[in-house]
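Quick notes on the structure that follows.
The values are calculated or read from the model by the stated rules, or taken from the named source; none is laboratory data. Bear in mind the structure is a predicted one, so any value in this text is a computation, not a measurement. Note: ideal-geometry Cβ built from the backbone for every residue, glycine included; neighbour counts use all protein chains shown.
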């Protein structure tokens, strides 16, 4: 069933691309407006084969991974603190929400003034975009732990740290990792958006350069490359999630036995 569904998806993609190619040739669409898929594929292949695209790919991947790591650490630590201390959550949560409402692209010029040109402004923007899904999911995970299990840990006189480490985090790990999957996809978006302003290298900067030189096939080729990169990092996140849930999720029963010894 799964194989047939995937085959149907690939067939639909091939049909749409074929229809796009035929219409572009028959209608005589200009390359500046909407190039055919064959011209986009040619531009992508030339960029990869010549090595022109690889330095931009490396820069974007570095900014994405650095921003993702920083955002995940901030999100998980902040989520644990706000989840464990309701008074802190009541005071600080409105400010967190307001910080997410502000468009990140509008903050890039400020970060450039504060941090200078280079990769730091893009990393900070990426971290801010990745921060909120981890924060929200971590808070939700800690709040949804079974009340009876928490009561059992209280009866066993477990400390706050023991309850957090042995019960709440293992039980909430699937929810936290769901936020990580969202953050992984958003990290690539944040890296590309952050490169729209003030970046000399990176796929986002290359899109702006392609627009300025009216090279629409190259712009579409970069977008296709970003799409495949996003799909790849998402699948990697899914595999990491499965591995962590299989190896690191501690059974609550074993934790209870350790506390009762």
Restricting attention to segment 2-29, which residues are under 25 Å from residue 214 (Cβ atoms), surrounded by 10 or more Cβ atoms within 10 Å (Cβ to Cβ) and out of contact with any helix residue (DSSP H, G or I) (no Cβ under 7 Å at 6 or more places or on another chain)? 22, 23, 24, 25, 29
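Conditions (1) on the phi < 0 side of the Ramachandran plot; (2) at pLDDT below 90; (3) in a helix (DSSP H, G or I); (4) in contact with a helix residue (DSSP H, G or I) (Cβ under 8 Å, 6 or more places away or on another chain), marked per residue:
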residue: 130; (1), (2), (3), (4): yes, no, yes, yes
residue: 135; (1), (2), (3), (4): yes, no, yes, yes
residue: 164; (1), (2), (3), (4): yes, yes, yes, yes
residue: 193; (1), (2), (3), (4): yes, yes, yes, yes
residue: 223; (1), (2), (3), (4): yes, no, yes, yes
residue: 235; (1), (2), (3), (4): yes, no, yes, no
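Would segment 188-197 turn up any residue that is under 20 Å from residue 124 (Cβ atoms), in contact (Cβ under 8 Å) with a residue 12 or more places away in the chain and over 19 Å from the mean Cα position of the chain (by Cα)?
Yes: segment 188-197 contains one or more residues that are under 20 Å from residue 124 (Cβ atoms), in contact (Cβ under 8 Å) with a residue 12 or more places away in the chain and over 19 Å from the mean Cα position of the chain (by Cα).
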For segment 133-156, which residues satisfy the criterion of being over 14 Å from residue 83 (Cβ atoms) and in contact (Cβ under 8 Å) with a residue 24 or more places away in the chain? 133, 146, 149, 152, 153, 156
When (1) free of Cβ contacts under 8 Å to residues at least 24 places away in the same chain; (2) within 19 Å of residue 218 (Cβ to Cβ); (3) loosely packed, with under 13 Cβ neighbours inside 10 Å; (4) over 27 Å from the mean Cα position of the chain (by Cα) are applied to residue 32, the one that fails is (1)
Could you count how many residues in segment 202-216 are within 20 Å of the chain's Cα centre (by Cα) and either part of a loop (DSSP other than H, G, I, E, B) or surrounded by fewer than 18 Cβ atoms within 10 Å (Cβ to Cβ) (or both)? 1
Only one of 66, 49, 24 that is closer than 18 Å to residue 229 by Cα and over 27 Å from the mean Cα position of the chain (by Cα): 49
Before we move on, is residue 97 in a helix (DSSP H, G or I) and without any contact (Cβ under 8 Å) to a residue 40 or more places away in the chain? yes
The one condition in (1) exposed (fewer than 11 other Cβ atoms within 10 Å of the Cβ); (2) touching a helix residue (DSSP H, G or I) at 6+ places or on another chain (Cβ under 6 Å) that residue 51 fails to fulfil: (2)
